[in-house]
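See below for the structure under consideration.
Every number in this text was worked out from the coordinates using simple rules, so none of it is lab data. Quantities reported herein were computed from a predicted structural model and do not represent experimental measurements. Please note: Cβ atoms are built from the backbone with ideal geometry, for glycine as well, and neighbour counts cover all protein chains shown.
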Amino acid sequence: MNILAIETSCDETSAAVIQDGTKIVSNIIATSSAMHEKYGGIVPEVVSREQLKCILPVITEALTAANQSYESIDAIAVTIGPGLIGSLLIGVEAAKTIAFVTNKPLIPVNHVLAHLYANYLEQPEKHAILFPAIGLVVSGGHTELFLMKNKKDLTWLGGTVDDAAGEAFDKAARLLGFGSQGGLAIQKSAGKKSKIKLPRPLLHDDTLNFSFSGLKTAILREVIKQKGLPEFNEKVIGELAYEVQESITDVLVTKTLQAAELYDAQSICIGGGVAANVRLREKFQQSDIPFFCPPVSLCTDNAAYIGSYAYFKGESVDWHTIQAIPDLSVEV
Ligand code: KG4
Ligand code: ZN
């Protein structure tokens, strides 16, 4: 079964053709990230205007690269939320139009849950994910834990009560002078352990929730303090980056392992932009429980995992009923 998947929840415009939920036949991604530097971050109006320009070329390229056409695909999948409303609308309206014209099934997808399905793509051994599993979605906008009872049954267990882990990485990167390079810049510049110590928020409370806004403030205070000292240099920046990465990954790993123990999970899988973090992967790999993570290229936003989730979920709906929902709850 070939699904044409469309993803436009944030600044990417992506279309993919996914076969049987596991094989990427094509996956085209256009991003306006180069413009964020100029405007100091993501400006929704700027992003959606770019998406309007490239949505049709991106879909056409995905079909052509897959040697498919609107007639030959079996179904359409689209991210309906959560995300930026102007961006979501572009993907959703394109998908509805294709479904209407071709009379093909249309499957609405929750972007956050879908991140976990990058684990099913391209790697046959991933099909061995052992259930029940704990899924951690960790991105620029979300930090959420799920109990995965099987390939399509997910229950929300907890999440951030304020900012996402990716937001803390991004804030730290800006404070350390890395612009909008975010978590990847922190990972690359992480140096040695030092006396600098940041908090590990909610590490020992009895919920499966996270909190990163206090950590952001602690990072700000520490950076200001270190910048005021005479020995502030590249080495200290490396030590700060090291501690930022350690504190965020310590919390993510500890909470996920707590969830795994509580629900007697047989494996852990992760997804989302922060799942690309090498130190995070290392820490999970050091735990006793089988661990699955997607290839780095499939961690950040793209339509491939939208198509995979749509295949396993398999619930198409009448195109009339589909709407873009910016604050779609991750609990659904
Ligand atoms: O999933 P994603 O592409 O977009 C959202 O849906 O939010 O995630 C983007 C986030 C950003 O916060 C970025 O800093 C973070 O993923 N990220 C990383 C790494 N690569 C991307 N964080 C830590 N380490 C990385 N290597
Ligand atoms: Zn995402």
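Helix 85-102 against the longest principal axis of the chain: what's the angle in degrees, Cα atoms only, rounded to the nearest 10?
20
For the range 90-156, divide the Cα radius of gyration by the Kirkwood radius and give the resulting Rg/Rh value with two decimals. Don't jump to the answer; show the numbers that get you there.
Values: Rg = 14.8 Å, Rh = 14.0 Å.
Rg divided by Rh gives 1.06.
Under a 10 Å cutoff between Cα atoms, tell me which one of SER32, SER287, SER308 has the largest fluctuation in the Gaussian network model of the chain.
For the chain, modelled as a Gaussian network with Cα springs under 10 Å, the answer is SER287.
If amide H atoms are built 1.01 Å from N in the plane of the peptide, which residues on other chains or at least 5 residues away come under 5 Å of the amide H of PHE292?
Distant-sequence amide H within range of PHE292: ILE268, CYS269, ILE270.
Hey, could you get me the Stokes-Einstein D for the range 17-138, Kirkwood radius over alpha-carbon pairs, 20 °C and 1.002 mPa s, rounded to whole µm² s⁻¹? Intermediate values should be presented prior to the final figure.
Values: Rh = 16.2 Å.
D, rounded to a whole number, is 132 µm²/s.
In what sequence do HIS204, HIS115, HIS320 fall when counting other Cβ within 10 Å, fewest first?
In increasing order of surrounding Cβ atoms, one gets HIS204, HIS320, HIS115.
If you count the DSSP beta bridges with both ends in the chain, what percent of them are antiparallel, to the nearest 5?
Of all bridge pairs located within the chain, approximately 60 percent are antiparallel.
What is the sum of charges, Lys and Arg at +1 and Asp and Glu at -1, for the other residues whose Cβ falls under 11 Å from the Cβ of VAL78?
Taking every Cβ under 11 Å from that of VAL78, the sum is -1.
Given points 7 Å out from each Cα along the Cα-Cβ axis, report the SER329 to ASP250 separation in nanometres with one decimal.
Distance between label points: 3.4 nm.
Taking the chain as a Gaussian network, where each spring joins two C-alpha atoms under 10 Å apart, which residue of GLN19, GLN285, GLN187 fluctuates the most?
GLN285
Counting only DSSP beta bridges with both residues in the range 129-294, tell me the antiparallel percent, nearest 5.
In the range 129-294, DSSP labels about 60 percent of beta bridges as antiparallel.
Could the peptides 103-109, 224-230, 10-16 be put in order, highest first, of the mean number of other beta-carbon atoms found within 10 Å of their residues?
Top of the packing list down: 10-16, 103-109, 224-230.
So what J values fall out for the range 287-296 if you push phi through Karplus, 6.51 cos²θ - 1.76 cosθ + 1.60 with θ = phi - 60°, rounded to Hz, Gly and Pro as x?
Calculated HN-Hα couplings, in order: 7, 7, 8, x, 10, 10, 9, x, x, 3 Hz.
Find the centroid of the Cα atoms in the range 170-193 and in the range 203-235, then give the distance between the two in whole Å.
So the two Cα centres are separated by 13 Å.
How large is ³J(HN,Hα), in whole Hz, for each residue of the range 320-328 in order, when computed from phi with the Karplus curve 6.51 cos²θ - 1.76 cosθ + 1.60 and θ = phi - 60°, using x for Gly and Pro?
4, 8, 7, 9, 6, 10, x, 10, 3
Could you run the Karplus curve 6.51 cos²θ - 1.76 cosθ + 1.60 with θ = phi - 60° over the range 7-12 and give me ³J(HN,Hα) per residue in whole Hz, x for Gly and Pro?
9, 9, 6, 10, 9, 8
Would you give the gap between the C-alpha center of the range 281-332 and the C-alpha center of the range 1-54, rounded to a whole Å?
Cα centres, the range 281-332 to the range 1-54: 15 Å.
Quickly work out the PHE100-to-ARG221 label distance, labels modelled 7 Å from Cα along the C-beta direction, and quote it in nm with one decimal.
So the two model labels end up 5.5 nm from each other.
Using a Gaussian network model of the chain with C-alpha springs under 10 Å, which one of VAL43, VAL78, VAL244 is most mobile by mean-square fluctuation?
VAL43
Roughly how many nanometres apart are two label points built 7 Å out from the Cα toward the Cβ at SER297 and ASN150?
Inter-label distance under the simple model: 3.3 nm.
Using amide H atoms built in the peptide plane, which far-off residues or other-chain residues are under 5 Å from VAL25 H to H?
Sorted by chain and number, the residues that satisfy this are VAL17, ILE18, GLN19.
How do MET148, MET35, MET1 line up, fewest other C-beta atoms within 10 Å first?
Ordered from fewest to most neighbouring Cβ atoms within 10 Å, MET148, MET35, MET1 come out as MET1, MET35, MET148.
Which whole number of Å³ per residue matches the convex hull of the alpha-carbon atoms in the chain?
Given the Cα convex hull of the chain, per-residue volume reads 122 Å³.
Mind checking the range 27-103 for GluC sites (Glu not before Pro) that DSSP puts in a loop (not H, G, I, E or B) and that have at most 11 other Cβ atoms within 10 Å?
On the way: sites: GLU37, GLU45, GLU50, GLU61, GLU71, GLU93; in loops: GLU71.
Those that pass, being in a loop and sparsely packed, are GLU71.
If you fit an axis through the alpha-carbon atoms of helix 234-262 and take the longest principal axis of the Cα set of the chain, what angle between them do you get, 0 to 90°, nearest 10?
It is inclined by approximately 60 degrees.
So what is the relative contact order of the chain, in percent, for Cα pairs below 8 Å that sit 6 or more residues apart?
Relative contact order for the chain comes out at 26 percent.
Below 27 Å, Cα to Cα, which lysines can LYS197 reach? Residues fewer than 8 away in the same chain don't count.
LYS171, LYS188, LYS216, LYS225, LYS227, LYS235, LYS255, LYS283
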